[in-house]
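**Q** If you scroll down you'll find the structure; I have some questions about it.
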């Protein structure tokens, strides 16, 4: 592991790397507080992708000419960067996907269809994004397995004491949990859950979509069996994600998508599968997007994931204080010291959609809606929230501008 | 007038805060509900007829100012009309009444109530649905 540096991140300097901030929005500087939805892209990533297309592009793993070799080197190099990024043992365990959703679906289909049946129990949590909820619900139902969600307490944290009761429902085969909640920012005790799952012979699947951009990841320390994340939330292009899985599980699994690249030999009688990770990568992959992900990993690593995490923790504490000053504002989820850089809230009497539209007129971009978290919204007794989320380029004054916008909304609706 | 002031003009905020036709009908002749999965807006509408004419129409809902105000305006607009007239009512008629510039996303908010009402009339009175909704039980505007 890298030596932890206590160096402070200079968000103002990093911001200059992001061309999107050079243009005004509604005549005002852009305050982009929606990075949990998708992050903006630094010049280093954009330049790498353009340079790759301009000098090295060809299809991968099939061209014998010079450009094919360059393309292979860039693509395989990106996979190696992703391996180091999550501390995986081999690149064979690092599967490129379209996004975290595809990675989770891959496990649900390729593992779930062959390993789940009546009497089995699949556990998710009430905090899960639909992408780590619906695939399990669907595959469990198809295989006649039981499906349940680990409940949260009123503070938006998992009630692990409920596991005993849930366990009585069936043989626990799989636990799926996000590392960081996309609505509440809750940081879940994934290592603890993984140990609990393994004691019962179950596997542990981690959705790291909201963690990978913001904090160091280590699949060995988490003790999980699968971990999925997406590039577009971590400075990379959209259309590229990573699924890490334990080799022994991946080797035993059937393929997910079928076609070119993932085969070893095809005859009319039968087809055999390629080695890992190619067995799970049918068809031409998102090549330049993977190269862009490699550049994004370099960018984040050079910036320092510990420094990013600390910067966002400071912003979250600041936002918590400032938002608490707004009359009629309800904040959801755990206190700032137990969450990542995501805050969800509601203003009394004003729908989040209206809040988001009003603050947009001030150049402040926030998300409004259920955030693909309908079971969580139901649990909280609401149908939507306004969500502000922070990243390495976020400045405290952008939170001030959000708060000003909220006062404006209250005045307008007053 | 700024873009924002025109979007949240007085009449919209008035309908949002004091919705017309808000509530339940004890024994409705037709009802339906719908939602906008994008933002979680929900509207349910109940209708009571006298002969062919809409004698009473009420809505309940949770949602943004645009969706709730537009539905409130709709309640005023359709009372006294026949099911057939409302089934063929154009969206422009409602949008003229709402009278604000709407982006494609907010357009769906404004039209949620009209869609739910047409669905209720279809279920209760067999009026035709817009082609693209054939076979729906619960409206979801995507």
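**Q** Using helices alone, I'd like the mean residue ellipticity at 222 nm for the protein assembly as shown: each DSSP H run of four-plus residues gives -39500 (n - 2.57), total over residue count, nearest 500.
**A** Rounded to the nearest 500, the figure is -12000 deg cm²/dmol.
**Q** Then there is this: Which angle from 0 to 90°, rounded to the nearest 10, does the C-alpha axis of helix B:65-78 make with the longest principal axis of chain B?
**A** Orientation of helix B:65-78: about 40 degrees from the principal axis.
**Q** As an exercise, take the mean of 1/r over every pair of distinct alpha carbons in segment A:4-142, invert it, and state the Kirkwood radius in angstroms.
**A** 19.4
**Q** If you build the Cα gyration tensor of segment A:48-301 and take the root of 5 times each eigenvalue, what three semi-axes come out, in whole angstrom, biggest first?
**A** Those come to 33, 22, 13 Å.
**Q** First check a/c for segment A:1-71, with a ≥ b ≥ c the square roots of the eigenvalues of its C-alpha gyration tensor; if it is under 1.5, answer rounded, and if not, answer prolate when a/b is larger than b/c or oblate otherwise.
**A** Because a/c hits 1.5 or more and a/b fails to exceed b/c, segment A:1-71 counts as oblate.
**Q** A further question follows. How many percent of DSSP beta bridges within the protein assembly as shown run antiparallel, rounded to 5?
**A** Looking only at bridges with both residues in the protein assembly as shown, the antiparallel portion is about 65 percent.
**Q** Now for a different question. Under 15 Å from a point 7 Å along the Cα-to-Cβ line of residue A:247: which residues of segment A:93-107 have their amide N that close?
**A** A:93-95
**Q** Could you tell me how far the Cα centroid of segment A:293-319 sits from the Cα centroid of segment A:47-95, in Å?
**A** Distance between centres, Cα-based: 24 Å.
**Q** While we're here: When a footprinting reagent is the concern and you count Cβ atoms within 10 Å, what order do A:353, A:407 take, fewest first?
**A** Placing the least packed residue first, the sequence is A:407, A:353.
**Q** What list do you get for A:269, A:128 if you sort them by fewest beta carbons within 10 Å?
**A** A:269, A:128
**Q** Further question on the same structure: To the nearest µm²/s, what D does Stokes-Einstein give for segment B:77-137 at 37 °C and 0.692 mPa s, using the Kirkwood radius over alpha carbon pairs as Rh?
**A** 267
**Q** Moving on to the next point. Take chain A, connect every pair of alpha-carbon atoms lying under 10 Å apart with a spring to form a Gaussian network, then pick out the residue of A:311, A:129, A:351 with the largest mean-square fluctuation.
**A** In this elastic network of chain A, the residue with the biggest mean-square fluctuation among A:311, A:129, A:351 is A:351.
**Q** Just rank B:66, B:54, A:382, fewest to most, by other beta-carbon atoms within 10 angstrom.
**A** A:382, B:54, B:66
**Q** Please state, rounded to one decimal and in Å, the Kirkwood hydrodynamic radius that segment B:3-123 gives when every pair of distinct Cα atoms enters the mean of 1/r.
**A** Over segment B:3-123, the inverse of the mean reciprocal pair distance is 14.1 Å.
**Q** Can you pull the three principal axis extents for the Cα set of the protein assembly as shown, in Å, largest first?
**A** Answer, in whole Å and largest first: 74, 57, 53 Å.
Just so you know, all these numbers are worked out from the coordinates, no wet-lab data involved. All figures in this text were calculated on a predicted structure; none of them were measured in a lab. Counting neighbours? That spans all protein chains shown, and the Cβs are built from the backbone with ideal geometry, glycine included.
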